[in-house]
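Structure first, commentary second.
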Amino acid sequence: MEQLQNLIGGELRGAINGEWLDNIEPATGKVYSQIPRSTAADVALAVQAAEKAFPSWSTVAFADRAACLRRWAEKIARHSEALIHAESKDNGKPISLAAAVDIPRAQKNLEFFAGAIEHFASEAHIPADSSHIHYTHRKPLGIVGCISPWNLPLYLFTWKIAPAIAAGNCVIAKPSEITPFSAFMLSQWAEEAGIPKGVFNVVHGLGNEAGQAIVEHPQIKAISFTGGTATGAHIAQTTAPQFKKLSLELGGKNPAIIFADCDFDKALATTIRSSFANQGQICLCSSRILIEDSIYDRFKTALVEKVKRMQVGDPAEKGTKMGAVVSQAHRDKILHSVEKAKEAGGQILCGGYAATPPNERCNSGFFVQPTVIDGLGPKCAINQEEVFGPVITLQRFRDESHAIALANDSMYGLAATIWTQDIGKAHRTASSIESGIAWINCWLVRDLRTPFGGVKSSGLGREGGFEALRFFTEPQNVCLPTHAN
Ligand code: TXE
């Protein structure tokens, strides 16, 4: 059985304690590899390696750092077939999705931040009398921690490590213990890409062991985290007394607002995609579908008719559109949320159960039927708690202000989609919604320069573009007189 390794100070190695954790393929329920069960001792070793590497890496020219990231991106391109299959096997997502989204985007993240660091200029301020010049010197923080989740494994892993490394930091990264494989593959190519030993370290292991040790370590100056809201709150509590910089990208309960004057077919097709892509396991997925009264029945009927036809398939097969959910525990959590919705009086329009495995190979895999629930109000648990699976609810609204009230009736505020052909209404609605992102008549259209993140319990701070480079640097104001004293 393959044993994945940590990368510490340029060396691929197991955990110091010699312990291993099983890694399971969600489509089959079978253990197929192992990862080091790292602890605080491994994190301490990685910090030592990073401390050694930092003085030199922090002074490497931007163009040379960018060149390393570009060479690394080339490795992703060269090994893309292997990465696509690895990501699909590790996560349960269809290979078609890994090929269309995850792996190309991981490559793009590295290329994008290579370019971004080359264009990241400092600001200067000169007062009206020109007596002084102030300039901002943005310095790398030192050693930073990057902790990523399982839903878009390499995509979100590279989204964090690329700006951190580009900005001149040394990184201690921890991929999710549930989906460690693609990060391990990437770590094997770091040296060939020219990343010096100790600049990029990967410590595999459990969240409450290796992850917690990263968050607690006093030499780690910032934490960039994507994951569940409860974990984010715990990390915030741990880091606050140390005044660490913190970026949190957490959960969502995203509304899709379907106004009666929308382009019906486009709204329907995209809402199905925004609800069920990656088995609903994207923080940006729609999970509360809000539909205007006058088209409620028509939209509901058309949606349910299409969702009923969606079949789960073996993620390894080319034609599969819906694969497995990530783990047995996660499948059970999703089904428990559906059970609670039934008990609360929800009407299951389709789905509602574990799905029959698509073939013999997948007999012990973790599959959930795409599920649509009707008849529950905004305060119900299913409309308040993140399910993070292929489960959506429908709610009816009277008018624009009612739609906005329903959309904002949530502790989360990550993303919203708005479907209308009235551009004024679209803008008004977008600006009234408490969310980090509002998509009008589209979904998941991304430009890596834009600020990415959420409000309320969906997170803290923004990633993306120069926002990420600002997060991973400390600005120092330097002031000097323009005339000799
Ligand atoms: O995530 P965790 P889980 C949501 C989704 C899901 C729920 C729980 O609703 O059902 O979160 O998922 C590491 N210190 N999202 O439990 O635990 C962990 O090892 C440091 C939304 O799988 O938050 C992993 O690397 N690190 C989401 C990462 O945190 C810790 C994506 C995320 O795991 C830690 C995933 C600790 N104490 C889940 N405990 C999104 N926003 O996209 C855990 N970790």
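The values are calculated or read from the model by the stated rules, or taken from the named source; none is laboratory data. Since this is a predicted model, take the numbers as computed values, not measurements. When we count neighbours, we look across all protein chains shown, and the Cβ atoms used for this are built from the backbone with ideal geometry, even at glycine. We work out accessible area using only protein heavy atoms, side chains counted, and drop any ligands, DNA or RNA first. Shrake-Rupley method; radii C 1.70, N 1.55, O 1.52, S 1.80 Å.
With an a/c value of 1.5 or above and a/b larger than b/c for the gyration tensor axes a ≥ b ≥ c computed over the alpha-carbon atoms, the stretch 254-440 is described as prolate.
Lysine pair count for the stretch 254-440 with Cα-Cα distance under 16 Å and sequence separation of 8 or more or different chains is 8. Extending 7 Å from the Cα toward the beta-carbon at both E123 and H336 defines two label points whose distance is 4.7 nm. Taking amide H positions as modeled 1.01 Å from N, with prolines and chain starts lacking one, the residues under 5 Å from A260 and 5 or more places away or on another chain are E292.
Per-residue Karplus couplings for the stretch 233-249, computed as 6.51 cos²θ - 1.76 cosθ + 1.60 with θ equal to phi - 60°, are listed in order as 5, 5, 5, 4, 5, 6, 7, 4, x, 8, 6, 6, 5, 9, 10, 10, 10 Hz, Gly and Pro entered as x.
Measuring between their Cα centroids, the stretch 91-114 and the stretch 429-450 lie 21 Å from each other. A straight Cα-to-Cα reach below 27 Å connects K245 with the lysines K52, K108, K139, K160, K174, K197, K221, K253, K456, residues fewer than 8 places away in its own chain not being considered. For the chain, the per residue solvent-accessible surface stands at 39 Å², with DNA, RNA and ligands left out and a 1.4 Å probe. How would you classify the stretch 102-261 from its alpha-carbon gyration tensor, with a ≥ b ≥ c the square roots of the eigenvalues: rounded for a/c under 1.5, else prolate if a/b is greater than b/c, otherwise oblate? In terms of gyration-tensor shape, rounded. At full extension, E191 and H427 could sit 80.2 nm farther apart than now, given 0.36 nm per residue minus the alpha carbon distance. 3J(HN,Hα) along the stretch 104-117, derived from phi through the Karplus expression 6.51 cos²θ - 1.76 cosθ + 1.60 where θ = phi - 60°, amounts to x, 5, 4, 4, 4, 4, 5, 5, 4, 6, 5, x, 4, 5 Hz, with x in place of Gly and Pro. Would you mind checking the stretch 1-38 for residues with the amide N under 16 Å from a putative spin-label position 7 Å along Cα→C-beta of A44? Residues 15-18, 38 qualify, since their backbone N sits under 16 Å from the label point.
Once you reduce the stretch 213-253 and the stretch 23-47 to the center of their Cα atoms, the two points are 21 Å from each other.
Per residue, the chain reaches -11000 deg cm²/dmol at 222 nm when only DSSP H runs of four or more residues are counted, each adding -39500 (n - 2.57).
In plain terms, the chain from T482 to A100 could stretch by 132.1 nm, reckoned as 0.36 nm per residue minus the Cα-Cα distance.
How would you classify the chain from its alpha-carbon gyration tensor, with a ≥ b ≥ c the square roots of the eigenvalues: rounded for a/c under 1.5, else prolate if a/b is greater than b/c, otherwise oblate? Oblate shape, in that a/c is at least 1.5 and b/c is the bigger or equal ratio. Residues whose amide H comes within less than 5 Å of that of L21, counting only those at least five positions distant or on another chain, are I35, R37 (H built at 1.01 Å from N in the peptide plane). Checking every one of the chymotrypsin sites (Phe, Trp or Tyr not before Pro) in the stretch 225-296 against DSSP loop status and a limit of 10 other Cβ atoms within 10 Å picks out F243. For the stretch 350-363, putting each phi into the Karplus relation 6.51 cos²θ - 1.76 cosθ + 1.60 with θ = phi - 60° gives couplings of 6, x, x, 9, 5, 8, 5, x, x, 7, 5, 4, 9, 3 Hz, in residue order, rounded to whole numbers and with x for Gly and Pro. Using the Cβ-Cβ distance between A344 and K306 with R0 set to 25 Å, the FRET efficiency from 1/(1 + (r/R0)^6) comes to roughly 0.45.
The stretch between K266 and V31, if pulled fully straight at 0.36 nm per residue, gains 80.5 nm over its current Cα-Cα span.
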